[in-house]
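Structure, as structure tokens:
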Amino acid sequence: MVNSLSHLGVGLLIALTLGFKGKKRNALGFLAILPDLDFIPYVLFALLGGSVSHETRNQLFYLFGHREFLHSILFILLVTLLIWFKTKDRLFTAAGFAAIFSHVYLDYATSWKMRPFYPFSTGTSTLGAIYFFDPLANILPLLPVFVLLVAYMKGRGKWNGKFNNFCAFVTKNRSKLYPALLILLVVWISVLPVTKLFLVNYISSAEGAKISYEDTYPSSFGKFLAAYSYNSTHYRIMEVSYWSGIGKSDYIEKINVTGEVPDASAYIEKAGKLYSTAVPQEIDYPVYSVSEGNGSVTVTLSDARDRYVKYWAYFKTVYRFVFDRESGEYVAYASEQEGREKKLEENWFV
């Protein structure tokens, strides 16, 4: 994920590189942040999601959820076609495609999953190659935003005498400056997924195990959290980096049972099946904790990597299923980022 202001900056950088001014420049800036306006339909989903069937809820999530349909290839193509039909301007249409594609690509290249091929496929994927606080991807695009802010303030008679040398430099070199910045950004965000591939292949060879490219997520700049199933009872969790290879590592137990719960495996299977029917499917390496008390069995489901990342965006979610032994009914809860736990609607799972 790149912050919205930097997304805006990428759109403006594309516009300034191609020489667009005024309304067309502003339109390209808007297109670069357009996918993040999915928070508006998400409000509708939040209002309707609990009152429809499970299947309808999932489809509404695919359409209205954050980083869902508005971050898909189909949406990019539909918007691009609309630009062409409205303008018949080839260069502006190409620039509009580049602006909205830049947003989706940058989100896809950071640290959480998307459904880029919806509605043709509901499968999730990610490159997970760029840390979502990556300094270059977040800071470099702020320059065109700052340039336009200075020009706007000076046009209103403010900031007179300030940033004069900076403005003179930009004015003198803008024909080379903006293309150079855009090329630098494109090269950076294109190279990182490739370098991650070499790192993952190296770690796979060192461990003698297949390390998932998609499930290896950036935990800080240049560092990733990787994992694989070590055996039937444990995962191996590793912090890896470009400069030191495998750093910290640990083994995480897949199942932990507190007390005597002779049918724990049956309840784990129930919880796993329920989770598999829900969206958005954040957990890659499921860890189950089982306990019993007051006539019920509680199964807590989390990801083996959660404890190793402080800021884990959308993936650090814990589910808790409470099964009534007598009736067989259950109640489900979820908490994100170690926040307050909330009860989930009955249609969340099948």
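Would you mind finding the one in L31, L37 that is in contact with a Gly (Cβ under 7 Å, 6 or more places away or on another chain), open to solvent by 10 Å² or more (accessible area, probe 1.4 Å) and under 30 Å from D89 (Cα atoms)? Give the steps one after another, and end with the answer.
Working: L37 fails: in contact with a Gly (Cβ under 7 Å, 6 or more places away or on another chain).
Result of the check over L31, L37: L31.
Every residue in segment 324-350 that is surrounded by fewer than 20 Cβ atoms within 10 Å (Cβ to Cβ), of a type in the set (A, V, I, L, M, F, W, C) and at pLDDT 90 or above, please.
Of segment 324-350, the ones surrounded by fewer than 20 Cβ atoms within 10 Å (Cβ to Cβ) are 324-331, 333-347, 349-350.
Next cut, of a type in the set (A, V, I, L, M, F, W, C) only: 331, 334, 344, 349-350.
Result: V331, A334, L344, F349.
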- Task: Answer yes or no: is there a residue in segment 175-184 that is over 33 Å from the mean Cα position of the chain (by Cα) and open to solvent by less than 60 Å² (accessible area, probe 1.4 Å).
- Result: no
- All but one of (1) surrounded by fewer than 19 Cβ atoms within 10 Å (Cβ to Cβ); (2) within 23 Å of the chain's Cα centre (by Cα); (3) modelled with pLDDT of 90 or more; (4) of a type in the set (V, I, T) hold for V318; which doesn't? (1)
- Message: Here is a check on your reading of the model: is T124 among the polar types (S, T, N, Q), open to solvent by less than 50 Å² (accessible area, probe 1.4 Å) and out of contact with any strand residue (DSSP E or B) (no Cβ under 6 Å at 6 or more places or on another chain)?
- Response: yes
- Note on the structure: Residues in segment 251-269 that are out of contact with any Asp or Glu (no Cβ under 7 Å at 6 or more places or on another chain) and either under 14 Å from E292 (Cβ atoms) or of a type in the set (F, W, Y) (or both) total 12
- Task: Check G22 against each of (1) more than 25 Å from S190 (Cβ to Cβ); (2) open to solvent by less than 60 Å² (accessible area, probe 1.4 Å); (3) within 21 Å of the chain's Cα centre (by Cα); (4) not acidic (D, E) and name the one condition it does not meet.
- Result: (3)
- For A98: the one exception among (1) of a type in the set (G, A, S); (2) modelled with pLDDT of 95 or more; (3) open to solvent by 40 Å² or more (accessible area, probe 1.4 Å); (4) touching a helix residue (DSSP H, G or I) at 6+ places or on another chain (Cβ under 8 Å): (3)
- Query: In the list L149, L143, which residue meets the criterion of being in contact with a helix residue (DSSP H, G or I) (Cβ under 7 Å, 6 or more places away or on another chain), modelled with pLDDT under 95 and open to solvent by 20 Å² or more (accessible area, probe 1.4 Å)?
  - Reply: L143
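If you take just the strands (runs of 3 or more DSSP E) that sit entirely in segment 146-264, which of them hold at least 1 residues that are without any contact (Cβ under 8 Å) to a residue 60 or more places away in the chain?
Of the strands (runs of 3 or more DSSP E) lying wholly inside segment 146-264, those with at least 1 residues that are without any contact (Cβ under 8 Å) to a residue 60 or more places away in the chain span 223-229, 234-241, 245-253, 255-257.
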- Does segment 112-122 hold any residues that are part of a loop (DSSP other than H, G, I, E, B) and within 26 Å of S220 (Cα to Cα), and which are they? W112, K113, R115, P116
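Please pick out the residue among V2, V43, V10 that is at pLDDT 90 or above, β-branched (V, I, T) and on the phi < 0 side of the Ramachandran plot. Outline the logic, then answer.
Details: V2 fails: at pLDDT 90 or above; V43 fails: at pLDDT 90 or above.
One residue alone meets the criteria, V10.
The values are calculated or read from the model by the stated rules, or taken from the named source; none is laboratory data. Source: prediction; values computed, not measured. Reconstructed Cβ throughout: ideal geometry from the backbone, glycine too, with neighbour counts over all protein chains shown. For the accessible areas, the whole protein counts, side chains as well, though only heavy atoms, and no ligand, DNA or RNA atoms are used. Shrake-Rupley method; radii C 1.70, N 1.55, O 1.52, S 1.80 Å.
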